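The values are calculated or read from the model by the stated rules, or taken from the named source; none is laboratory data. These numbers were taken from a predicted model, which means no experiment stands behind them. Note that each Cβ is placed from the backbone with ideal geometry, even for glycine, and that neighbours are counted across all protein chains shown. The protein model used for the area step is the full one, side chains on, heavy atoms only, and it has no ligands, DNA or RNA in it. Shrake-Rupley method; radii C 1.70, N 1.55, O 1.52, S 1.80 Å.
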There are 2 protein chains.
Amino acid sequence: MTSHWPGLWTALLPSAPHQNMGLRERLCAALREAIRNGSLAQDSRLPATRVLAQDLSLSRVTVEAAYAQLEAEGYVRRHTGKGSFVAVQTTGKSGVRERKSRSLVPLMRLSQRGQTIVDTGGCMEPLSLQAFAAGSPDLRAFPHAVWRQLTNRRLRQDPEALMRYGDPQGRQELREAIAQYLVASRGVRCDPGQVLVLTSSQQALQLLATLLLDPGDQVWMEDPGYQGARTAFAAAGAGLEPLPVDAEGLVPDFTLPVPRLIYLTPTHQYPTGHTLSLQRRLALVDYAKRTGSWIVEDDYDSEFLYDNRPTPCLQGLDIADRVIYLGTFSKTLFPSLRLAYAVLPQALVQPMVTARSVCDGHPAQLAQAVTADFMAQGHFAAHLRLMRQLYRSRRDLMLECIQQQLPWAQVLNSSGGLQLSVLLPDGAEKELSRQAQSKGVATPSFANQQVRPAARDGWLLGFAALQPSEIREGMRVLGTLKLPAHARQR
Amino acid sequence: MTSHWPGLWTALLPSAPHQNMGLRERLCAALREAIRNGSLAQDSRLPATRVLAQDLSLSRVTVEAAYAQLEAEGYVRRHTGKGSFVAVQTTGKSGVRERKSRSLVPLMRLSQRGQTIVDTGGCMEPLSLQAFAAGSPDLRAFPHAVWRQLTNRRLRQDPEALMRYGDPQGRQELREAIAQYLVASRGVRCDPGQVLVLTSSQQALQLLATLLLDPGDQVWMEDPGYQGARTAFAAAGAGLEPLPVDAEGLVPDFTLPVPRLIYLTPTHQYPTGHTLSLQRRLALVDYAKRTGSWIVEDDYDSEFLYDNRPTPCLQGLDIADRVIYLGTFSKTLFPSLRLAYAVLPQALVQPMVTARSVCDGHPAQLAQAVTADFMAQGHFAAHLRLMRQLYRSRRDLMLECIQQQLPWAQVLNSSGGLQLSVLLPDGAEKELSRQAQSKGVATPSFANQQVRPAARDGWLLGFAALQPSEIREGMRVLGTLKLPAHARQR
């Protein structure tokens, strides 16, 4: 008998792949496999449980249980007194009448929209915190003990309430804290009913793109500008109109066809750092009011301006409800918190909440509750004050180092943010970045943020998460780079 | 002077809307508002700081700071010796040349896809835990102390590592734990590289719909079937083909046009509770292999089968890589954890990770790390064993109560799950539900899960989260309902 069952022996040996299953499960798996691959054909008779038990040195109860399980699953048919038989034919024709005239689709074809998304290359955030990689906040300076205490309090207090399904718009207490913060600090006009809590501004951009943009709709983008937004709008099939940026921010061109949406980082343009001038703000808000274009104001890092108070947001100027305001806790608290927010015109609240529920249900409740406590108890304001001071001193050190060690680099704007924009001699970026990388220093390129070919060479150097010694060492390395000959000649 | 500045006085009074701002900010806000609404025209001269300070009983430093801020923002132009002037005209024509021939779009028009999503009504999960509302696990029986300890350990150990941006595919340790669990318990064929961690199976369905379905593509659905899946596929513009369900699960019709995707809940069909027979599994897997259709296997609650061990999953039968397997921690752990997983054919891994990164970046790291610890330390398996016992006893109590008190109700299938499907006399559901609701008992209707009009009347009664006393009391109330006359006559 044994010679007919080599597969069973193998499966039951300790070295078999299913070794962390019980004996019964391993016997079931081996029998299923034998039926599936045709070793046991339909209607063939299985050995009696007594025989197989003896043969495999198993208890008869185990074999009996395995047969019962396989019968329940439909692999085996049992007739009292007659024995157990293979109940199915698992290979070859199913014998069912089938429509003939079907055209087979290529096995891996994605949808058109899916292919567009894959072609964007996605939005991969930098996982490294080395100099000068990431636009990350300093997580070492985070008040971990406070956060842990607040988390514990919530986990002890009423854990069940935070484990249930939650409101797809976000917890009321957090929406209140966000609205209060935005009204007081950013000049946003809103009440908590307009706030939508999301996992990230990327999710906000993706939802807005899905909800507002038909394929072919025009979107005005700052160029250079934020790649994550470009990706979301491109994924929706929109036509992107890259507009130049000067010292007053985006240069609008009202002679262009009316766009469906205008994407702006007006407080601190990404990546140049410029602030959109009041004149242009008013012109854009007025334009949106008259044309019905949407303006998306991505206020991603206004909390970190070091020389002046940040300009109040564009949304506060908008009396026609055309501005959608976005902010995130990824930079003010930490990236893996997965909390961001949109302030929506009333008419968009219900559509966005519905779309959000279809996309991923609701945001995690514990993270929301702890964040709300952190804000309500004043920790958020205190943390921002401290981080502003800390990052300002690091910004100053960056400027000092660049001046001393990178004579060929020109700081574009140093008013704020977690990274510094630096212009390089034309055509030098690739070679300088190659040298830097070989010496273990990351120098994120402007090129990733630009669409038009005539764009400038430059770096976007993350500094906020770095200790002074790490900044000095990174800058020392950059100081040893050799400017390529063709760049020196210009 | 004061008479010219009523708005300022109002803004500075304690009852004004900006009362939680500082004096400087309140003065700025009032001046901005006056400039915006035209009370202060372009080029008009602002009062000298000394005069205004006296007039408003403010320190001159405050007024000076406010003017400086407004100058930085572009509202005000200051000339030493001459005074401060309004720098912008904020109402009326901007004077910029504009394209004339634009057609104004309706202000609130959503995109076609956006309107489709809004029209689905979204996926609102039941927020109530009253009898017999939700398909929720029992959160009171959750091992809160263990979870809190694991959370604390991670928050103490290396908090920074869990606060950074993370891998959009999910943490390696969690993907390993999930793969190990699925191979051993569900017969899934996979390695951790095929596992994608998501916030919810809803997110998985939405991403798959976006990536795989073009508008008009056919999708086979079980009917009655899971509404969240219908919503995701409808939102992608797919054509839904509702197929009937019998005691062997979905009844496939291979004479229909080849669908792009087949959505199945084969282990425990939602909501009927039937298991897809082996013969049909094999036929469907074979069909998908030959036609190139995708099969989405939503294994949403196989952990909670009470009489037999669950049938191994469909994905394990698939040697042609056409089956996408979905599972969730919403029912095995808790809904607001926001963690679920997909096991993807190799060829879909990179496209799905890219699409995921565009949608919302990456899943929260702390929740992933704690879940991985919970699994690796054996708590997950122990919790499932306990919950199975607990829910089985509650299921038994439900059956007993139904038999005793609801003679007009017929249990459809009671093999498992967090809710029980009950058939009602034809045409009685609406009236019975109305009566139940008026007595404070929720009776989720089958109707929400059905597409075809000929469908049966029935309820889907959630019981797993309820204490025995709550079950008894809810059933006692249902026992007092009066069957409508037309239903009694049939």
Residues that are of a type in the set (A, V, I, L, M, F, W, C) and more than 26 Å from A:Leu305 (Cα to Cα): does the stretch A:455-475 have at least one? no
I'm trying to understand the selection: among the residues of the stretch B:320-353, which are free of Cβ contacts under 8 Å to residues at least 12 places away in the same chain and open to solvent by 10 Å² or more (accessible area, probe 1.4 Å)? B:Gln350
Which pairs turn up if I take residues in the stretch A:108-122 that are over 15 Å from B:Arg260 (Cα atoms) and look for partners that are open to solvent by 50 Å² or more (accessible area, probe 1.4 Å) and part of a helix (DSSP H, G or I) with beta carbon separation below 8 Å, at least 6 apart in sequence or on another chain? A:Val118/B:Gln350
Anything in the stretch A:187-212 that is more than 20 Å from A:Gly121 (Cα to Cα), within 11 Å of another protein chain (Cβ to nearest Cβ) and crowded, with 23+ Cβ neighbours inside 10 Å? List them, or say none. A:Leu198, A:Thr199, A:Leu212
Residues of the stretch B:306-315 that turn out to be surrounded by fewer than 24 Cβ atoms within 10 Å (Cβ to Cβ), in contact with a helix residue (DSSP H, G or I) (Cβ under 8 Å, 6 or more places away or on another chain) and in contact (Cβ under 8 Å) with a residue 60 or more places away in the chain, as a count: 4
Pick from the stretch A:144-154, criterion surrounded by fewer than 21 Cβ atoms within 10 Å (Cβ to Cβ) and hydrophobic (A, V, I, L, M, F, W, C), ranking: farthest from A:Ala369 (Cα to Cα): A:Ala145
The number of residues in the stretch B:142-167 that are more than 9 Å from every other protein chain (Cβ to nearest Cβ), over 30 Å from B:Val358 (Cα atoms) and modelled with pLDDT of 95 or more is 6
Taking B:Glu71 and the conditions (1) modelled with pLDDT of 85 or more; (2) more than 25 Å from A:Ala209 (Cα to Cα); (3) open to solvent by less than 40 Å² (accessible area, probe 1.4 Å); (4) more than 9 Å from chain A (Cβ to nearest Cβ), which numbered condition does it fall short on, given that it satisfies the others? (3)
Sort through A:Pro242, A:Pro252, A:Pro215 and tell me the only one that's within 9 Å of chain B (Cβ to nearest Cβ), closer than 20 Å to B:Val358 by Cβ and open to solvent by 10 Å² or more (accessible area, probe 1.4 Å). A:Pro215
Do you know which residues across the stretch B:278-330 are facing chain A (nearest Cβ under 9 Å), touching a Phe, Trp or Tyr at 6+ places or on another chain (Cβ under 7 Å) and in a helix (DSSP H, G or I)? B:Leu278, B:Tyr287
What single numbered condition from (1) buried (at least 16 other Cβ atoms within 10 Å of the Cβ); (2) modelled with pLDDT of 55 or more fails to hold for B:Ser94? (2)
Find the residue count for the stretch A:255-277, including only residues that are free of Cβ contacts under 8 Å to residues at least 40 places away in the same chain and surrounded by 24 or more Cβ atoms within 10 Å (Cβ to Cβ). 1
Among A:Leu243, A:Leu282, A:Leu261, A:Leu250, which is hydrophobic (A, V, I, L, M, F, W, C) and more than 20 Å from A:Gln450 (Cα to Cα)? A:Leu282
For B:Ile178, work out the one condition from (1) β-branched (Val, Ile, Thr); (2) open to solvent by 10 Å² or more (accessible area, probe 1.4 Å); (3) more than 12 Å from chain A (Cβ to nearest Cβ) it doesn't fulfil. (2)
Six or more apart or on different chains, Cβ under 9 Å: which pairs go from a residue in the stretch B:11-36 that's open to solvent by less than 20 Å² (accessible area, probe 1.4 Å) and modelled with pLDDT under 75 to one that's outside any helix (DSSP H, G or I) and not small (Gly, Ala, Ser)? Could you list them? B:Ala11/B:Pro17; B:Ala11/B:His18
Does A:Ser57 satisfy the criteria of being at pLDDT 80 or above, under 45 Å from the mean Cα position of the chain (by Cα) and over 22 Å from B:Gly316 (Cβ atoms)? no
Can you work out which of the residues in the stretch A:357-393 that are of a type in the set (S, T, N, Q) and within 19 Å of the chain's Cα centre (by Cα) is farthest from the other protein chains (Cβ to nearest Cβ)? A:Gln368
Failed condition for B:Ala184, given (1) without any contact (Cβ under 8 Å) to a residue 40 or more places away in the chain; (2) touching a helix residue (DSSP H, G or I) at 6+ places or on another chain (Cβ under 7 Å): (2)
